[in-house]
1. Test of understanding: among Gly96, Gly104, Gly84, which residue is surrounded by fewer than 18 Cβ atoms within 10 Å (Cβ to Cβ), touching a residue at least 12 places away in the same chain (Cβ under 8 Å) and more than 16 Å from the chain's Cα centre (by Cα)?
2. What residue, of Gly206, Gly175, is under 30 Å from Ser27 (Cα atoms), surrounded by fewer than 18 Cβ atoms within 10 Å (Cβ to Cβ) and in contact with a helix residue (DSSP H, G or I) (Cβ under 8 Å, 6 or more places away or on another chain)?
3. Are any residues in region 15-57 more than 25 Å from Asn217 (Cβ to Cβ), among the basic types (Lys, Arg) and part of a helix (DSSP H, G or I), and if so, which ones?
4. Just checking, how many residues over region 166-177 are at pLDDT 95 or above and in contact with a Pro (Cβ under 9 Å, 6 or more places away or on another chain)?
5. Would you point out which residue out of Ser27, Ser56, Ser49, Ser35 is buried (at least 17 other Cβ atoms within 10 Å of the Cβ), on the phi < 0 side of the Ramachandran plot, modelled with pLDDT under 90 and among the hydroxyl-bearing types (Ser, Thr, Tyr)?
6. Exactly one of these conditions fails for Ile113: (1) of a type in the set (A, V, I, L, M, F, W, C); (2) in contact (Cβ under 8 Å) with a residue 60 or more places away in the chain; (3) assigned to a helix (DSSP H, G or I). Give me its number.
7. Yes or no: Gly131 in a loop (DSSP other than H, G, I, E, B), in contact with a helix residue (DSSP H, G or I) (Cβ under 9 Å, 6 or more places away or on another chain) and either in contact (Cβ under 8 Å) with a residue 12 or more places away in the chain or not polar (S, T, N, Q) (or both)?
8. Select from region 155-172 the residues that are surrounded by fewer than 18 Cβ atoms within 10 Å (Cβ to Cβ) and in a helix (DSSP H, G or I) and list them in ascending order.
Amino acid sequence: MAKNKVFFGKDRHETAILIDPDKFEVSRIRSLEKSVNRWQPDYFFLGGSFLNRQFSGDLIGLLKQHFDLPVILFPGDLSQLVAGADAVMFLSLLSGRNPEYLAGQQVKAAPLIRQMRLHPVSVAYLLIESGRTTSVQYITQTVPLPPEKTDLIIATALAGQYMGMQSVYLEAGSGAKNPVPLATVKAVSEVLDIPLIVGGGIRDAGQISAYHNAGANVVVVGTAVEKNWYPG
């Protein structure tokens, strides 16, 4: 893979399906095919805030065997790094003040990323309060940004851009009660020169379109897709 590969673009509207390896079984691949046909994603994001089992390159190989889509690691920590993915989000949790997730995990992960020949995409990761305590909030022991504090969210996003991050991710959390407000997405998008990713609590195609129109470059769906894996 070319080192200068650009996965997200400020001039593009894209969709990603987030797959939590803890919740996905090989037997569900046909259901995932139906989800891909329905959502028409541009990427798979692979990872979760907390995993009970370590996944391997086998899952990445399975996805690549069935789908012509990039697989991008979305790791909760360095234990979720695995070779074979097209890229890895090199996340820094800028909305929190826990040094382990601002830079600690990143320092530990960097040699592994190089060893595994993964393509790093630096991402300023911002948790937005969603009406309930999310897994990532609990695991990282950080306080999410209040959605009504638009100026604070904008300042944090801009800080990520000025620090050299390649993209900003506004995250309400898996299965969020309240997704990131559209007005917040619009306000942040208008000041950024880098791509904006939005996820958490997005449940249908209408919402995806609304977030694209508000300025999100990549919209992430996870829980809504998982429901298709376990009908009834």
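1. Gly84
2. Going through Gly206, Gly175 in turn, the sole match is Gly175.
3. Passing the criteria: Arg28, Arg30, Lys34.
4. Going through region 166-177 one residue at a time, the tally reaches 5.
5. From the options Ser27, Ser56, Ser49, Ser35, the qualifying one is Ser49.
6. (2)
7. no
8. Ala155, Leu158, Ala159, Gln161, Tyr162
The values are calculated or read from the model by the stated rules, or taken from the named source; none is laboratory data. None of these values were measured; they are calculated from a predicted model. So basically every Cβ, Gly included, is an ideal-geometry build from the backbone, and we count neighbours across all protein chains shown.
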